[in-house]
Amino acid sequence: MYIEQLKEMFEEMTIKKNASLIPHYYHPELLLFTNGYSINYPDFLASHIAYYATPIRYVVQYDDETFVEHGEKVAGRMWISTQKSPDAPIHQMEIMLVVMYKKGKIYRLWELTYPDWSKLDEFKQT
């Protein structure tokens, strides 16, 4: 159930760059732990509104053999490719993630990305 919900979130929100769906998929007490940093819900919301307003494009792939679900927790491996603009290079990130749900929404998210997404030009704040 939660694996499919997670994939739906990436398809409907990330790929389509629809920040209005963040409250639908993410719990208001969200804490995201990513590559040594932590981000709370308000900062996550604000950053994704800004990212989705750019020309960035996302492609998502899943390593389905690695996804496991137990209760309200999901873990797995995936890749997200980003492209800042149509003429920019494509960057592929490998992602290992553990997701904890609360009341059907993403409540805690631990992820490691390689390369570190925050170092890519697509996500640098200007």
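The values are calculated or read from the model by the stated rules, or taken from the named source; none is laboratory data. Predicted, not measured: the structure shown is a model, and the values here were computed from it. As a convention, Cβ positions derive from the backbone with ideal geometry for all residues, glycine included, and neighbour counts pool all protein chains shown.
Of the residues in the range 76-86, at least one is under 14 Å from the mean Cα position of the chain (by Cα) and more than 20 Å from Lys17 (Cα to Cα).
When the residues of the range 4-18 are filtered to those that are in contact with a helix residue (DSSP H, G or I) (Cβ under 7 Å, 6 or more places away or on another chain) and without any contact (Cβ under 8 Å) to a residue 40 or more places away in the chain, the one that is farthest from Lys105 (Cα to Cα) is Asn18. Tyr62 satisfies every condition listed in (1) without any contact (Cβ under 8 Å) to a residue 60 or more places away in the chain; (2) of a type in the set (Ser, Thr, Tyr); (3) surrounded by 17 or more Cβ atoms within 10 Å (Cβ to Cβ); (4) closer than 24 Å to Ile90 by Cβ except (3). Just give me the residues in the range 25-42 being part of a helix (DSSP H, G or I) and either within 21 Å of Lys84 (Cα to Cα) or in contact (Cβ under 8 Å) with a residue 24 or more places away in the chain (or both), in sequence order. Hit for the range 25-42 is Tyr25, nothing else. Considering only residues in the range 93-108 that are among the charged types (D, E, K, R) and either part of a loop (DSSP other than H, G, I, E, B) or under 13 Å from the mean Cα position of the chain (by Cα) (or both), the one that is farthest from His70 (Cα to Cα) turns out to be Glu94. Looking at Glu65, Glu111, Glu69, just one residue is part of a strand (DSSP E or B), charged (D, E, K, R), under 17 Å from Leu32 (Cβ atoms) and modelled with pLDDT of 95 or more, and that residue is Glu111. Within the range 93-126, the set of residues being of a type in the set (A, V, I, L, M) and either crowded, with 18+ Cβ neighbours inside 10 Å or farther than 13 Å from Ile56 by Cα (or both) comprises Met93, Ile95, Met96, Leu97, Val98, Val99, Met100, Ile106, Leu109, Leu112. Every test in (1) touching a strand residue (DSSP E or B) at 6+ places or on another chain (Cβ under 6 Å); (2) not in a strand (DSSP E or B); (3) not hydroxyl-bearing (Ser, Thr, Tyr) is passed by Pro55 save one, and that test is (1). Is it the case, given these coordinates, that Ile56 is touching an Asp or Glu at 6+ places or on another chain (Cβ under 6 Å), aliphatic (A, V, I, L, M), touching a residue at least 24 places away in the same chain (Cβ under 8 Å) and crowded, with 17+ Cβ neighbours inside 10 Å? The answer is yes for Ile56.
Of all residues in the range 57-87, those that are of a type in the set (Gly, Ala, Ser) and within 16 Å of Glu4 (Cβ to Cβ) total 3. Note on the range 72-92: residues that are in a strand (DSSP E or B) and surrounded by fewer than 18 Cβ atoms within 10 Å (Cβ to Cβ) total 9. Of the residues Ser47, Ser20, the single one that is out of contact with any Asp or Glu (no Cβ under 9 Å at 6 or more places or on another chain), under 23 Å from Lys119 (Cβ atoms) and surrounded by fewer than 17 Cβ atoms within 10 Å (Cβ to Cβ) is Ser47.
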